[in-house]
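Comments concern the structure below.
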Amino acid sequence: MREKIPITNELPKDNYGFTELSRKSRETTNPQPEQTLPNKEVDIEKLTKRVKEHARSSSDILPNHTDHNPAFTTRHHRSSNTASSTLKQAQNTLSSPERQFSKIIHNSKVETISDAVGGTIARPSGLLWGGIFSLIGSVGVLLICRYYGYEYNYLIGIASFAGGYFIGFLLEGLAKAMQRRPR
């Protein structure tokens, strides 16, 4: 058996005993406005005097501070020795399999190939169009297969992704070619 709590917008007559409690808390936390207004201007003046007394200039706090900090400047020519020594220090903290993997990944030939592939293969427009084509193509072929009773081939999703990726890649190339043309 389930009992329901009556839902009403009205509070009980005794307001669960909170009426007297809320009245008392309002009186203690919110004094009358006539008492606070004249003192407010005096308090502000006293506070500004106290702040000026306790304030210190930035030269007192940081006597050797200059605006030019070499730690925050950009380094245009980075020494390869510094980068390789930092990499070796980081690799020394790794376990043996992680260290071997790090050495393979940070090989100069692998980094060059990775940068070239990252700039061409993982194109956002290609991935977007590949995903759209894969979704539409897979759902369309799945519906056709269910309607006519054929068996669904899962390679259709991969093939439609590849076709959509290629189309997205071509559309991105066309868009860049159109932007380069002088008008």
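Note on residue 150 and residue 170: the model spin-label points, each 7 Å out from Cα along the C-beta direction, lie 2.3 nm apart. Normalising the average separation of contacting C-alpha pairs (under 8 angstrom, six or more residues apart) by the number of residues puts the relative contact order of segment 76-183 at 26 percent.
Summing Lys, Arg as +1 and Asp, Glu as -1, what charge do residues with Cβ under 14 Å from the Cβ of residue 173 carry, residue 173 excluded? Present the calculation step by step, with values, prior to reporting the outcome.
Numbers: positive: 123, 176, 180, 181; negative: 172.
So the environment of residue 173 carries a net charge of +3.
Compared with the alpha-carbon gap, the fully stretched path from residue 116 to residue 95 is longer by 4.6 nm at 0.36 nm per residue.
Counting other Cβ atoms within 10 Å, keep those with at most 14, restrict to DSSP loop, and tell me which chymotrypsin sites (Phe, Trp or Tyr not before Pro) in segment 109-150 are left.
On the way: sites: 129, 133, 147, 148, 150; in loops: 150.
Hits after loop and neighbour filter: 150.
Distance between the 7 Å Cα→Cβ label points at residue 47 and residue 84: 6.2 nm.
Only the coordinates and a few stated rules stand behind these numbers; no lab work does. Since this is a predicted model, take the numbers as computed values, not measurements. As a convention, Cβ positions derive from the backbone with ideal geometry for all residues, glycine included, and neighbour counts pool all protein chains shown.
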